[in-house]
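Accompanying notes for the structure given below.
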Protein chains: 2
Amino acid sequence: MIPNNWYNIVPDLPEPPPPPLHPGTRQPVGPDDLAPLFPAELIAQEVSGERFVPIPQEVLDVYRLWRPTPLMRARRLEKALGTPARIYYKYEGVSPAGSHKPNTAVPQAYYNAREGVRLLTTETGAGQWGSALAFACSQFDVECRIWMVRASYDQKPYRRSLMQVYGATVHASPSPVTKAGGKVLADDPGSPGSLGIAISEAVEVAAANHDARYALGSVLNHVLMHQTVIGEEALAQLPEMPDLVIGCTGGGSNFAGLAFPFLREKLAGRLETEFRAVEPAACPSFTRGVYAYDYGDAAGFTPLLKMHTLGHSFVPDPIHAGGLRYHGMSPLLSHMYELGLFTAVTRSQRECFAAGVRFARTEGILPAPEPTHALAETIAEALRCKESGEEKVILTALCGHGHFDLAAFDRYLADELEDYMLPQERIDQALTELPG
Amino acid sequence: MIPNNWYNIVPDLPEPPPPPLHPGTRQPVGPDDLAPLFPAELIAQEVSGERFVPIPQEVLDVYRLWRPTPLMRARRLEKALGTPARIYYKYEGVSPAGSHKPNTAVPQAYYNAREGVRLLTTETGAGQWGSALAFACSQFDVECRIWMVRASYDQKPYRRSLMQVYGATVHASPSPVTKAGGKVLADDPGSPGSLGIAISEAVEVAAANHDARYALGSVLNHVLMHQTVIGEEALAQLPEMPDLVIGCTGGGSNFAGLAFPFLREKLAGRLETEFRAVEPAACPSFTRGVYAYDYGDAAGFTPLLKMHTLGHSFVPDPIHAGGLRYHGMSPLLSHMYELGLFTAVTRSQRECFAAGVRFARTEGILPAPEPTHALAETIAEALRCKESGEEKVILTALCGHGHFDLAAFDRYLADELEDYMLPQERIDQALTELPG
């Protein structure tokens, strides 16, 4: 029941997404530009024109540790809401790292190992991606070094411990072991770090080391493609086709992973499903950003990506859904949003946690803060159906558990959780720094 | 594939276990003695002579949120060990509370709710049982109050948070809201508490309140019977029958849940499987305790139970497998041990954590400290098979995940974890206080 292929949606789109550009030349980035950072097979997948890419047997042998993941009907939640809607959820929290991230971490580690790479580097914020890559590297005997944003390193020791149990080395970022980190520390020895700094450190070490490469957990085309195992399984598991698919978006890989196979069926005229992305009110790249070329990182080291962005210098408020605190959006999803293939809405932090608690008390699973955004929208839609009497079939992406996020639930229950408003001037200010 | 019946092994045994006795009269305890604490249906199940007890539809409707649980072959662990043994594990960590405990918490909450009980009380140490009961009560609209040992309440805030997310009220024990707790606090305002004190508080509130009852997470016959869903599923899922079943034992419900259905088949002559309980070297009730009537709690409030015990005043060293830190053992399992139906061995803390890390790096799942005891024994057996060339089929009980135990793994990786030796005089001393 685990699919044998990943689905690449690009050739099914009416036009391909705009290419990444070199920030100096403004010319499209080619494979040679990317070779110091990624293995050849992943570069090929990034620009592939094939609709289906076979999943290697060695990857399937690891996927089977937790895949296929459960597809459940939320009957107890439906009953508690008194809705005629039928709610299904696809649950990725059963993976070793507790989220959907291993779906791409495993093939990334595999292709790197196959091409002789001995060391993978990456950055991590709250630690979901870092723990997924640490697990994946343990499966293929690849060394793994992770730069974890100092603030999270100190605040979330358990995520760090999990990476170490899987055998990874974890550096607090900024670290003294890189030039980029050393420079920050020289200026500010107490720096709490940022994702932008951590990326610079991981990239520096990968680029300087001929048998090392770098790994990214979202945003890129091949990452989104690896996640389509979620939607392919759901298509086969569902007893009825959804009228509406709902998923949260940060970099976009979770939403894309569930939605793309259903979008393929819709583009082929076999489904009439609608699709809805849910982003945090504190980081609304689709709904309040612009569609423009911008850097993928805060420091401006990456190629220019055409995407919905709040500006690479935008720093989101510290919502607990750390996986959604990204200034930009997958260029592929951004392109598809412009084509009108899905809509996007925002949800604020407190209504998301309220939805998470409601879900835990009915369906039992404690959700991570990220998918509570999808749950809040799902519950709102189900209550609209209660008003209208519509028996809508809703499918939502429950992309991870909240076992490492209980301090946030604690604050919610104590009525201490913030509901960040985002003033327009903060977005306007960041957008003045767009390149070019 | 979820079974429709629980299996009661008592009528299949050559003789029934000795009954609990009233500590004053030394006469067997009757249903009337238990009625203030337990609902009638659970008292009936405790002494049932039926081999199979139907699982109510309302309980099955909750079980289906995570059952059937995965039965996996540990191919990657086998390969890493280079063993010809075939290792299977039944994974209960996919439940809402992350362990096997909801298998009995759900029917206990259901029967109490059906008999009009409005409030369930219990004690919890590290929090596995408390979070399971909190979840179960949320499913049947029963209020839940939990006395959590003060030391754990302060050290493990996330387990407390999880209980609160499920809607339970959690008291640090000793608490000022009971006479028992107030008395302790009067003598020692800074008391760290104990399981014995917490039991006293929970029992006091249940007994004093006509629509309240008390719930226990292990030891009793009906609790072990509810856990047989684990073994029944495994029997149906396995592609080949095990030569050896291995499970850890604290109060005994995890081991019994997996083993009893296989033992039924063996008693009927259909299997030749061997069974092995694994207990912590720091709390070896089977292997170094005596088989005698003793109290189930430290304070001596319970009926006398004939069981393997280290003495009710025995205080185990603070190993991280909190669920195995119990001075006694299920009377039913104790009786069966005397009948020679299974053997028991011990494993020390450091070798258990080593096994846990090895398992995480091969099979991906981070195990709780309790089942690392079963994993340590499984790995040792698989390595014996490597020596002998035996293709033994081993089935082990992976009864929970370690997502809330990463501080302990941290200490193991830092080489700071203790390997407690248990001097014989500590056992001898505690055994001098056996009743009667």
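Residue-level check: of (1) within 14 Å of chain A (Cβ to nearest Cβ); (2) buried (at least 24 other Cβ atoms within 10 Å of the Cβ), B:LEU120 misses just (1). In this structure, B:GLY250 does satisfy being crowded, with 20+ Cβ neighbours inside 10 Å, in contact (Cβ under 8 Å) with a residue 40 or more places away in the chain and assigned to a loop (DSSP other than H, G, I, E, B). One residue stands out among those in the stretch A:138-149 that are in contact (Cβ under 8 Å) with a residue 40 or more places away in the chain and part of a strand (DSSP E or B): the one that is surrounded by the most Cβ atoms within 10 Å (Cβ to Cβ), which is A:TRP147.
Residues in the stretch B:150-171: is at least one away from chain A (no Cβ under 14 Å), under 15 Å from the mean Cα position of the chain (by Cα), under 13 Å from B:PHE404 (Cβ atoms) and not in a strand (DSSP E or B)? No, there is no match, as no residue in the stretch B:150-171 is away from chain A (no Cβ under 14 Å), under 15 Å from the mean Cα position of the chain (by Cα), under 13 Å from B:PHE404 (Cβ atoms) and not in a strand (DSSP E or B). Considering the stretch A:39-107, there are no qualifying strands (runs of 3 or more DSSP E) wholly inside with 2 or more residues that are touching a Ser or Thr at 6+ places or on another chain (Cβ under 9 Å) and more than 14 Å from every other protein chain (Cβ to nearest Cβ). Taking the stretch B:348-372 as the range and being buried (at least 24 other Cβ atoms within 10 Å of the Cβ) and farther than 19 Å from A:LEU65 by Cα as the test, the residues that pass are B:GLN349, B:CYS352, B:PHE353, B:PRO369, B:GLU370. The residues of the stretch A:1-36 that are within 13 Å of A:LEU220 (Cβ to Cβ), in contact with a helix residue (DSSP H, G or I) (Cβ under 6 Å, 6 or more places away or on another chain) and in a loop (DSSP other than H, G, I, E, B), listed by number, are A:ASN8, A:PRO17.
Can you give me the number of residues within the stretch B:259-280 that are acidic (Asp, Glu) and surrounded by 21 or more Cβ atoms within 10 Å (Cβ to Cβ)? Steps first, answer last, please.
Just the residues of the stretch B:259-280 that are acidic (Asp, Glu), to begin with: B:265, B:272, B:274, B:279.
Okay, now just the ones that are also surrounded by 21 or more Cβ atoms within 10 Å (Cβ to Cβ), so B:279.
Count: 1.
Please verify whether the stretch A:205-217 includes one or more residues that are touching a helix residue (DSSP H, G or I) at 6+ places or on another chain (Cβ under 8 Å), of a type in the set (A, V, I, L, M, F, W, C) and either without any contact (Cβ under 8 Å) to a residue 12 or more places away in the chain or buried (at least 23 other Cβ atoms within 10 Å of the Cβ) (or both).
Of the stretch A:205-217, the ones touching a helix residue (DSSP H, G or I) at 6+ places or on another chain (Cβ under 8 Å) are A:212-217.
Okay, now just the ones that are also of a type in the set (A, V, I, L, M, F, W, C), so A:212, A:215-216.
Of the ones still in play, those that are also either without any contact (Cβ under 8 Å) to a residue 12 or more places away in the chain or buried (at least 23 other Cβ atoms within 10 Å of the Cβ) (or both) are A:215-216.
There is at least one residue in the stretch A:205-217 that is touching a helix residue (DSSP H, G or I) at 6+ places or on another chain (Cβ under 8 Å), of a type in the set (A, V, I, L, M, F, W, C) and either without any contact (Cβ under 8 Å) to a residue 12 or more places away in the chain or buried (at least 23 other Cβ atoms within 10 Å of the Cβ) (or both).
Screening A:LEU375 with (1) surrounded by fewer than 24 Cβ atoms within 10 Å (Cβ to Cβ); (2) under 17 Å from the mean Cα position of the chain (by Cα); (3) modelled with pLDDT of 95 or more gives one miss only, at (1).
Just checking, how many residues over the stretch B:269-295 are in a strand (DSSP E or B), within 25 Å of B:PRO20 (Cα to Cα) and of a type in the set (D, E, K, R)? So the answer is 2. Of all the numbered requirements in (1) farther than 16 Å from B:GLY251 by Cβ; (2) touching a Ser or Thr at 6+ places or on another chain (Cβ under 7 Å), B:GLY340 misses one, and that requirement is (2). Can you name every residue in the stretch A:347-369 that is at negative phi, out of contact with any strand residue (DSSP E or B) (no Cβ under 9 Å at 6 or more places or on another chain) and within 12 Å of another protein chain (Cβ to nearest Cβ)? Passing the criteria: A:PHE353, A:ALA354, A:VAL357, A:ARG358, A:ARG361, A:THR362.
Quick one: which residue in B:GLU381, B:GLU338, B:GLU370 is more than 15 Å from B:TYR89 (Cβ to Cβ) and assigned by TED's automatic domain parsing to the domain that holds B:LEU305?
On the way: B:GLU381 fails: more than 15 Å from B:TYR89 (Cβ to Cβ); B:GLU370 fails: more than 15 Å from B:TYR89 (Cβ to Cβ).
None of the other options fit; the residue is B:GLU338.
Does B:PRO189 count as away from chain A (no Cβ under 14 Å), free of Cβ contacts under 8 Å to residues at least 12 places away in the same chain, surrounded by fewer than 18 Cβ atoms within 10 Å (Cβ to Cβ) and out of contact with any strand residue (DSSP E or B) (no Cβ under 9 Å at 6 or more places or on another chain)? So B:PRO189 fits the description; yes. Among the conditions (1) of a type in the set (A, V, I, L, M, F, W, C); (2) surrounded by fewer than 24 Cβ atoms within 10 Å (Cβ to Cβ); (3) under 26 Å from A:LEU258 (Cβ atoms), the only one that A:MET225 does not satisfy is (2). Only one entry of A:PRO318, A:PRO280, A:PRO331 meets the criterion of being away from chain B (no Cβ under 14 Å) and without any contact (Cβ under 8 Å) to a residue 24 or more places away in the chain, and that entry is A:PRO318. One residue is enough: does the stretch A:383-405 have a residue meeting the conditions surrounded by fewer than 21 Cβ atoms within 10 Å (Cβ to Cβ), within 13 Å of chain B (Cβ to nearest Cβ) and in contact with a Gly (Cβ under 9 Å, 6 or more places away or on another chain)? Among the residues of the stretch A:383-405, at least one is surrounded by fewer than 21 Cβ atoms within 10 Å (Cβ to Cβ), within 13 Å of chain B (Cβ to nearest Cβ) and in contact with a Gly (Cβ under 9 Å, 6 or more places away or on another chain), which makes the answer yes. Within the stretch B:126-137, the residues that satisfy the criterion of being part of a helix (DSSP H, G or I) and either touching a strand residue (DSSP E or B) at 6+ places or on another chain (Cβ under 6 Å) or more than 11 Å from chain A (Cβ to nearest Cβ) (or both) are B:GLN128, B:TRP129, B:GLY130, B:LEU133, B:ALA134, B:CYS137.
If a residue counts only when it is closer than 30 Å to B:PRO96 by Cα and touching a Pro at 6+ places or on another chain (Cβ under 8 Å), which helices (runs of 4 or more DSSP H) contained entirely in the stretch A:369-436 have at least 2 such residues?
Details: elements: A:369-388, A:406-413, A:424-431.
In the stretch A:369-436, the matching helices (runs of 4 or more DSSP H) lie at A:369-388, A:406-413.
The values are calculated or read from the model by the stated rules, or taken from the named source; none is laboratory data. Keep in mind that this is a model prediction, so the values were computed, not measured. Note that each Cβ is placed from the backbone with ideal geometry, even for glycine, and that neighbours are counted across all protein chains shown.
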